[in-house]
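The values are calculated or read from the model by the stated rules, or taken from the named source; none is laboratory data. Quick caveat: nothing in here was measured; it's all calculated off a predicted structure. No Cβ is skipped: glycine too gets one built from the backbone with ideal geometry, and neighbour counts run over all protein chains shown. Ligands, DNA and RNA are excluded from the accessible area calculation, which covers all protein heavy atoms including side chains. Shrake-Rupley method; radii C 1.70, N 1.55, O 1.52, S 1.80 Å.
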Amino acid sequence: MTVKFQGSLKQITTVKFPFVMFVVYVIVFTIFSILKHYNLHSFAYDLGIFLQSLWNTIHGRFFYETPDLYWNPTGNYLSVHFSVIMLFLVPLYFVLPNPEFLLFFQSFLLGLAGLPLYFLCKKVTGNDAFAKILTVSYYLSPILHAANLYDFHVESFLPLLIFSSLYYLEKGALQKSLLFIIAICFCLYTLCPFAILLLLFHVVRLRSFNKTLIASLLGIISYYILVSRFVLPALGNIPFQPGTITWFPFLGRSWMEILNNVIKSPALLIKSVLYDAQPKITYWVLISLPVLFLYLLYPPSLIPLSYWLVISLLTSYEPFYTIGWQYVLIPIPIIYAGAVYGFRSLLKIKINISKKIIKVLLIISLAQLIFSPISPLVYGLQIRGGGGYDNVMSFPPRYYSVKQALDLIKQDDRAVILTTNNLFPHLANSPYVFIWLPKEVIPDYIVVDIKDFSRLYDKIGNITFIEQLERLLSNHRYDIYALKGGILILKLNYHGKPKFYEPFSVRVPSDRLFSETLSKATILEDGFRTILRGTIKSASKPVWFGPYMLLPPGEYHLELRLKTSDKCFKKIYVELTSNFGKKQLGSFNLVSGETKLEHGWQTMKILFKVVEIEKHVEIRGWGPENCEIALAYLRIYGPLRKT
């Protein structure tokens, strides 16, 4: 009776295991994705583009979006990134027209992909322990997590489609398998060559090239020709015109030029591969190590993998060979599926080796969680990665403090708005919201995130946001409509009092400042991660400078935390400027401010005033030669009241 019960319990646990992992993954990453969005760390590129194009489609403007207007004057998302799957998203977004739905849906898709991976692994290897551990490795992958946390992208469909295709292939359901390959083309038409390579993998697995496979191949080719030659031109875009391809600068700017140089100019080919060679190698090690490079034991897996291998090695476009971007979702499912077939090849050699592989894989699967973007241990590490590693997860999130200000302008559904990259997703359910303005458009509102000052210098097309702001302020009359939670709203021809004028606090870590004298150092004292420290080499150059902010009128407190000798402290002073140093806002000796000493660190507070909106605000530190100094952070708090 006991043996029978234990057997039943084991069977239930085996069946439930992948589903429990799936549910936990979806819950965790939905929470973190939404929390990141609420901390104003999602962006026009690309969450905002999807939100705006879906919302506009529902309201009669077929996939119209504004962030790409500089490159795509039609404003039609599909005219550049043709994706049939976007049509599938429209009715879903009609029911739930908010960013939270898309962030949940991406986590759902990536989580759901673990189920066919698990069943594929069990089907091919017959080893339940390996199937579970490989599935755990997938769910705990920091590479997957970073892609999941970077806004929303249609590439999130790929793991589910690829794993499902291979699972049905192994089950002998070829037609179902091929439907999933065709669906890959529907994600992005540019993935048709990848789908063809995956089709060739099917040929190797089946050891035949039957009529169904031939029909699928012809269908994919026909679909690509139809979209590129007829659909896209009808939508106002002719893809890949000569001179428009920028991903492979050493090889050329048109497909013909690139192919010609690949064949006839091996020197240019080598130059392309060697460009940023170390990050490219690191990239492939990082995405292969979690499966111990097992896919190499089954060479046919390199057929579909060659698509991304060639692109990532020949390109100079960094997102193609660094983690944290959506593009990694192309090779990841092939690497995991290849590991399944590689492990089966290993089973044919020695069982003992395969058991050791399982143990090592388990250790790596658990250890890799340390480098996940949701891991507290990852903060402070200098990880070269994309948007998935550019996270703010504070609680309560900033959105709660700025919602009232944003709601003021949402009430006017005809208002034309210029806003920063990170605020765009919160205003995207409108056709009149921009991050890049056509010259003839004059916005009713300008919405700026003062606290995330790096957004001021985001370059969109041929101009930065701050340059657009300066142009508008010099040619039109804008006044402060609201200041709340670090969000500044300017309104065209506004004459009243601000609806809100509340102080905000900006903490500028030392690694966001610049210095020709000091160097960055990582420490674990007094709660700091990164500081600037060193010896002042010249009294004629600033010790540090930056961070180039925008400040509205009012009184402010400047707080500095540094460590130096008493002798040097008396001779250090701070200079405040705007407009890249052209305008002086004040100069202060540190001893003139309020000083507090803790654990050898001195915290100074200085009061200063701003009488009008100042741009490119810079805090420069000056000191005598040969002084040792360490700077932890700057903090600006205000405006205490409007001057």
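Roughly speaking, to the nearest percent, how much of the chain's 1.4 Å accessible area is carbon and sulfur? Carbon with sulfur: 62 percent of the solvent-accessible area. Basic side chains Lys and Arg get +1 at the Cβ, acidic Asp and Glu get -1 at the Cβ, and with that the dipole of the chain about its Cα centre reaches some 1600 debye.
Using +1 on the beta carbon of Lys and Arg, -1 on that of Asp and Glu, and nothing else charged, what's the dipole of the range 93-222 about the Cα centre, debye to 20? Provide the component values of the computation, followed by the final result.
Numbers: 8 positive and 5 negative charges, 130 e Å.
Taking the Cα centre of the range 93-222 as origin, the dipole is about 620 debye.
Once C-alpha pairs closer than 8 Å and six or more residues apart are averaged by separation and normalised to the residue number of the range 267-415, the relative contact order reads 26 percent.
Relative to the longest principal Cα axis of the chain, at what angle does helix 255-264 sit, 0 to 90 degrees, rounded to 10? Between the helix axis and the principal axis of the chain, the angle is about 70 degrees. Between 102, 182, 59, the Cα set farthest toward the positive side of the dipole of the range 50-201 (charges on each charged residue's Cβ, about the Cα centre) is that of 182.
What figure in square angstrom, to the nearest 10, would you give for the accessible area of residue 256 with a 1.4 Å probe? Only protein atoms counted, so the area is about 140 Å².
Extension gain residue 225-residue 555, at 0.36 nm per residue separation less the Cα-Cα distance, in nm? Provide the component values of the computation, followed by the final result.
Values: separation 330, 0.36 × 330 = 118.80 nm, distance 6.23 nm.
Residue separation times 0.36 nm, minus the Cα-Cα distance, leaves 112.6 nm.
Accessible area per residue was computed with a 1.4 Å probe on protein heavy atoms; residue 135 scores about 0 Å². Residue 274 label point, 7 Å along Cα→Cβ, cut-off 14 Å on backbone N: hits in the range 298-320? None, by backbone N distance to the label point. Excluding residues on the same chain fewer than 8 positions from residue 403, give the lysines whose Cα lies under 21 Å from its Cα. List returned: 36, 451, 484, 491, 497, 499.
The long axis of helix 331-347 is offset from the longest Cα principal axis of the chain by roughly 40 degrees. Each of 143, 261, 607 was placed along the dipole of the chain (beta-carbon charges, centred on the mean Cα), and the one lying farthest toward the positive end is 143.
Can you bin the range 81-190 into rounded, prolate or oblate? Criterion: square roots of the alpha carbon gyration tensor eigenvalues sorted a ≥ b ≥ c, rounded for a/c under 1.5, prolate for a/b above b/c, oblate for the rest. It is oblate, given that a/c is not under 1.5 and a/b is not larger than b/c.
The 3J(HN,Hα) values that the Karplus relation (6.51, -1.76, 1.60; θ = phi - 60°) gives for the range 282-299 are, in residue order, 4, 4, 6, 5, 4, 7, 9, 4, x, 10, 6, 6, 4, 4, 5, 6, 10, x Hz. Gly and Pro appear as x.
Relative to the dominant Cα principal axis of the chain, helix 174-187 is inclined by about 20°. Shown for the chain: cysteine residues without a partner Cβ closer than 4.7 Å, namely 121, 185, 187, 192.
Can you sort 571, 615 by 1.4 Å-probe accessible area, starting with the largest? Walk me through the numbers on the way to the answer.
Numbers: 571 115, 615 45 Å².
The residues order as 571, 615, largest area first.
Report the full-extension gain for the segment residue 74 to residue 61: residue separation times 0.36 nm, less the Cα-Cα distance, to one decimal in nm. Write out the running numbers ahead of the final one.
Values: separation 13, 0.36 × 13 = 4.68 nm, distance 1.15 nm.
That pair, residue 74 and residue 61, stretches by 3.5 nm at full extension.
In debye, nearest 20, what is the charge dipole magnitude of the range 565-639 about its Cα centre with +1 on Lys and Arg Cβ and -1 on Asp and Glu Cβ, if you could check?
It comes to approximately 160 debye.
Using alpha carbon centroids, what distance separates the range 236-278 and the range 80-115, in Å? Centre-to-centre distance over Cα atoms comes out at 33 Å. The mean accessible area for residues of the chain, using a 1.4 Å probe and ignoring ligands and nucleic acids, is 44 Å² per residue. For residue 537, the aspartates and glutamates whose Cα comes closer than 17 Å to its Cα, not counting residues fewer than 8 places off in the same chain, are 516, 625, 628.
For the range 417-431, putting each phi into the Karplus relation 6.51 cos²θ - 1.76 cosθ + 1.60 with θ = phi - 60° gives couplings of 10, 9, 9, 7, 3, 7, 8, 3, x, 7, 10, 6, 7, 6, x Hz, in residue order, rounded to whole numbers and with x for Gly and Pro.
Give the shape of the range 125-217 as rounded, prolate or oblate, defined through the alpha-carbon gyration tensor: a ≥ b ≥ c are the square roots of its eigenvalues, a/c under 1.5 means rounded, and otherwise the shape is prolate if a/b is larger than b/c and oblate if not. Mind showing how you got there, number by number?
Details: a/c = 2.80, a/b = 1.27, b/c = 2.20.
Taking the square roots of the gyration eigenvalues as a ≥ b ≥ c, the range 125-217 is oblate.
Of the whole protein surface, residue 409 contributes about 0 Å² of accessible area at a 1.4 Å probe radius. Residue-wise HN-Hα couplings along the range 461-473, as the Karplus relation 6.51 cos²θ - 1.76 cosθ + 1.60 with θ = phi - 60° gives them from phi, are x, 9, 8, 8, 4, 5, 5, 5, 4, 4, 4, 5, 5 Hz; Gly and Pro carry x. Report summary: the helix-based calculation at 222 nm, which adds -39500 (n - 2.57) for every DSSP H run with n ≥ 4 and divides by the residues of the chain, gives -13500 deg cm²/dmol.
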